[in-house]
Amino acid sequence: MKLRDKMVLCMAVVCCAFLVALGVALMGMQSARNQFQQFLEVDQALLQTTTNLYAQGLQMGQALRNVVLDPSNKAGLKNIDDASKSFAEYLQVAQGLVAPQSEAGKMFADMAQLREKQAGLQAKIMSLAKDDQPAAIQVLNKDETPVWRVMRGHLLDFLKAKKDDVKLAEASVIASTQRTMWVSLGLALATLVAAGVVTYLLSANVMRQLGGEPDYAADIARRIAAGDFTEEIQTSGGDRDSLLSAMKSMQQSLAGIVAQIRSGAETISTASSEIADGNLDLSNRTEQQATSLGQTASAMDQLTGTVKQNAGSARQASGLVAATAAVAVKGGTVVAEVVTTMGEINQSSRRIVDIIGVIDGIAFQTNILALNAAVEAARAGEQGRGFAVVASEVRNLAQRSASAAKEIKELIGVSVQSVEQGARLVEQAGTTMDEIVASVNRVSAIMGEIADASEEQTSGIEHVNNAIVQMDQVTQQNAALVEQATAAAQSMQQQAAELAGAVSVFKLRR
């Protein structure tokens, strides 16, 4: 049987069990509904109608006594008439609710006869009450009241019996409802158990056909579809016919085929890659060699021109060096004159220092004199105050002159030191100028030798340049052949890489 047919059969069994339980529940509910409807429409209505009959009978007796006591009591007369009509209506309703041949039907038939008798007595009493009240009271007590007591007894007995019947009906409805509930619950539980058993059997059958969990089988299928053969499919012992077992065999077969294809693709890819790398390396080297030869040829041309230019420049430099030597001699003479001038400046600076020392002494003596004058002015008192002011100003001027002379002396000292250092530097410059003159003479001789060697180099470089041009032509031809071989190797490498890429989506266990 197919899996779909099994699932349909299982669902049909569960649905049948559910329908049976639903039918039993509906039947129980209908029975309870009928009983409850009987309770409301007959029993409860009959109980209420009988109660109303009893109430209207009491109302008629009370109104009749009021009329006997007061025959002109219109309200009492109206109450008797209303209660009498209501009693007749309720009696008719009660007789319609019961079967005529039943005990209740017979009781209400007797009640109708008693009511007719009571109505006649009540009319007689109301008629006597107008003229002869004692006679009316006597008929009321001896005739009408006994009839009412019989009617009341029937009504009260019926009410008591009906109340008991109502309680029994209520208990019956409750019991029926509970019985229906328990039956429905039992059938529902039985349906659930049946559904569980059917589900278990169906799932066991499906699991046996799948060989494992559906999620696990779906995951294995997705892995195989993605080319992932690394997951080892778990199957139970002795399983040879399940879906997972077939997938395991398929996975192993595909893994072997893919492993062989991948091995061949990797071998081809490695070989083509090595060939392509070798050709590319050779092509790069050949191109570099061709470029180097071209650059070398160009450099040799430039070098030839440069050597020729150097030869001419060397000749010019030799003449310039000779002129520089003459200028250096003149510079030495000028430096010697500068040395003499710096010595004279040094002597003048020393004389200025001596003069500043004399000024400093004069300022010191003037300060002493101003101090003495201030002391004398202080002794003279009021008469010497003006003289003291003048002496104070003189003293200030002497101090300022002393300070200025001191600063000038310091500056002249620094200037003297600078002049002495300049003199030493000028002497060193003179010595250096002599050495420069000697060096310029040696450079002039060397530049002549360089010019001769440059002319000889020019001839040799021209021969080397011709050989490099021939090598460049041969190298360019080799580079073209290597580029063709490289293109073929790269094409083979690309095809091998595409094959390896197509196979790389498959993942195998190591």
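Just so you know, all these numbers are worked out from the coordinates, no wet-lab data involved. Just so we're clear, the structure is a prediction, and the values are computed from it rather than from any experiment. Heads up, the Cβs are rebuilt from the backbone with ideal geometry, glycines too, and the neighbour counts pull from every protein chain shown.
Listed values, structure above:
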read-out	value
Trypsin sites (Lys or Arg not before Pro) within region 157-243, DSSP loop, no more than 10 other Cβ atoms inside 10 Å	240
Degrees, to the nearest 10: 145-210 long Cα axis against longest axis of the chain	40
log10 of Debye I(q)/I(0), alpha-carbon scatterers only, for the chain at 0.06, 0.10 Å⁻¹	-0.81, -1.09
Segment residue 132-residue 487, extension gain: residue separation times 0.36 nm, minus the distance between their alpha carbons	112.6 nm
Principal-axis tilt of helix 214-225 within the chain, Cα atoms, nearest 10 degrees	30
Positive dipole terminus of the chain, leading residue within 387, 500, 153 (C-beta point charges)	153
Extension gain from residue 157 to residue 341, taking 0.36 nm per residue of separation minus the Cα-Cα distance	49.3 nm
Only Lys, Arg (+1) and Asp, Glu (-1) charged, at Cβ; the chain dipole about Cα centre in debye	3780
Potential lengthening between residue 291 and residue 167 on full extension [0.36 nm per residue; Cα-Cα distance subtracted]	32.3 nm
Coarse-grained scattering of region 103-190 at q = 0.12, 0.18, 0.25, 0.26 Å⁻¹, given as base-10 log I(q)/I(0) from a Debye sum over alpha-carbon atoms	-0.58, -0.84, -1.10, -1.14
Positive-pole candidate from 135, 49, 198, dipole of region 3-210, charges at beta carbon	198
Calculated diffusion of region 3-210, Stokes-Einstein form, Kirkwood radius summed over Cα pairs, 20 °C and 1.002 mPa s, µm²/s	98
Two-decimal Rg/Rh across region 59-98, once Rg and the Kirkwood Rh are taken from alpha-carbon atoms	1.16
Signed unit charges on C-beta, dipole axis of region 255-508, positive-most listed residue 342, 331, 467	342
Under-5 Å amide H pairs with residue 228, H placed in peptide plane, nonlocal only	507
Normalised alpha carbon radius of gyration of region 255-508 [divisor 2.2 N^0.38 Å]	2.56
Residue pairs, from the table 78/160; 74/124; 117/142; 85/124, whose Cα atoms sit over 21 Å apart	78/160
Interchain or long-range residues, amide H under 5 Å from residue 70's placed H	none
Cβ-derived FRET efficiency at R0 56 Å, residue 333 paired with residue 457, nearest 0.05	0.90
FRET E, pair residue 306, residue 353, Förster distance 56 Å, beta-carbon r, rounded to 0.05	0.35
With Cα atoms, 0 to 90° folded angle of helix 385-504 axis to the chain main axis	70
